[in-house]
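The values are calculated or read from the model by the stated rules, or taken from the named source; none is laboratory data. None of the values given here were measured: they were computed from a predicted structure. Reconstructed Cβ throughout: ideal geometry from the backbone, glycine too, with neighbour counts over all protein chains shown.
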Amino acid sequence: MRGKKAPKRKIKPDAKFNNLNIAKFINYIMDAGKKSTAEAIVYNAFDIISEKTKDDPVVIFDRAVKNITPSLEVKGKRVGGANYQVPMMVKGTRKFQLASRWIIAAAKARKGKPMQEKLAFELMDAAKGEGAAMKKKEDVRRMAEANRAFAHFARY
């Protein structure tokens, strides 16, 4: 590894709900440094969620992230000229990062609606345990189970 490790930056909780995970989620959605646009997308999605479900959107968001959060993932490892997909436990902050990434990718893949609506429906589906992000989590888990024979290559 070259150079020094990049320092961890402290981020402030979001303005509306005072929640650190929502602030991180807004930062993941942000494109080309346009934070106000990303905040508008997330907050409008939360308004849609509260309108449709008559429930607290932060609770729905937390439940969705909890349902999508992976416990296992596969990482490629080269051993003696062959590449193996080695199942590994997902550590710490990477769990939230992967869950957020999958939810955002699934929302972007939906067609024909504004981003806040797509995000709202994806979060509601994820909270129920369905949707494209849930399918992605299951695919990753299935891949890890299928490659369990190579688990001895993992170094923890």
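Pick from the range 72-109 the residues that are polar (S, T, N, Q) and at pLDDT 90 or above: which of them is farthest from the chain's Cα centre (by Cα)?
In this case the residue turns out to be GLN97.
Just the residues that are in contact (Cβ under 8 Å) with a residue 60 or more places away in the chain and under 16 Å from ASP62 (Cβ atoms), please, taken from the range 104-124.
LEU119, ALA120, LEU123, MET124
Please enumerate the residues belonging to the range 51-96 that are out of contact with any Pro (no Cβ under 6 Å at 6 or more places or on another chain), part of a loop (DSSP other than H, G, I, E, B) and either in contact (Cβ under 8 Å) with a residue 12 or more places away in the chain or surrounded by 15 or more Cβ atoms within 10 Å (Cβ to Cβ) (or both).
THR69, PRO70, SER71
Would you be able to tell me the number of residues in the range 97-153 that are touching a Lys or Arg at 6+ places or on another chain (Cβ under 8 Å) and not in a helix (DSSP H, G or I)?
Residues flagged as touching a Lys or Arg at 6+ places or on another chain (Cβ under 8 Å) and not in a helix (DSSP H, G or I) within the range 97-153 amount to 1.
Pick out the one residue from ILE26, ILE48 that is part of a helix (DSSP H, G or I), without any contact (Cβ under 8 Å) to a residue 24 or more places away in the chain and more than 30 Å from ALA154 (Cβ to Cβ).
Selected residue: ILE26, the only one of ILE26, ILE48 that is part of a helix (DSSP H, G or I), without any contact (Cβ under 8 Å) to a residue 24 or more places away in the chain and more than 30 Å from ALA154 (Cβ to Cβ).
Does the range 133-151 contain any residue that is exposed (fewer than 13 other Cβ atoms within 10 Å of the Cβ), among the acidic types (Asp, Glu) and modelled with pLDDT under 90?
The answer is yes; a qualifying residue exists.
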